[in-house]
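Heads up: the structure comes next, in structure tokens.
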């Protein structure tokens, strides 16, 4: 990945437009808990080409889910959580050699 630029992805609901009560973290309109009260903040630096893939895949899935289901796919609540958990599932089964090879593959 030749470009030295990196993008910071905030996986924490940094753009939460819902109002919550200060004490409870509950959305005053729907009665549901807000993303910020339920999730931990997590930030990661991601190379631009991976960030582009993340964004493109999110848009594709959001479109398909909205057409086929009544699912309102939220990027921070649903998509990033699945990207991380599915990635963790993959990493959990790796040996040190497999992990080092994967790191080498993304660095070259």
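The values are calculated or read from the model by the stated rules, or taken from the named source; none is laboratory data. Keep in mind that what you see is a predicted model, and the values were worked out from it rather than measured. Heads up, the Cβs are rebuilt from the backbone with ideal geometry, glycines too, and the neighbour counts pull from every protein chain shown.
Taking residue 79 as the residue in question, decide whether it is part of a helix (DSSP H, G or I), in contact with a helix residue (DSSP H, G or I) (Cβ under 7 Å, 6 or more places away or on another chain), surrounded by 11 or more Cβ atoms within 10 Å (Cβ to Cβ) and at pLDDT 85 or above. Taking the combined requirement at face value, the residue satisfies it. Filter the range 57-73 down to residues that are more than 28 Å from residue 107 (Cβ to Cβ) and modelled with pLDDT of 90 or more, then give me how many there are. Qualifying residue count for the region: 8.
Is it the case, given these coordinates, that residue 54 is under 13 Å from the mean Cα position of the chain (by Cα) and at pLDDT 80 or above? Spelling it out, residue 54 is indeed under 13 Å from the mean Cα position of the chain (by Cα) and at pLDDT 80 or above.
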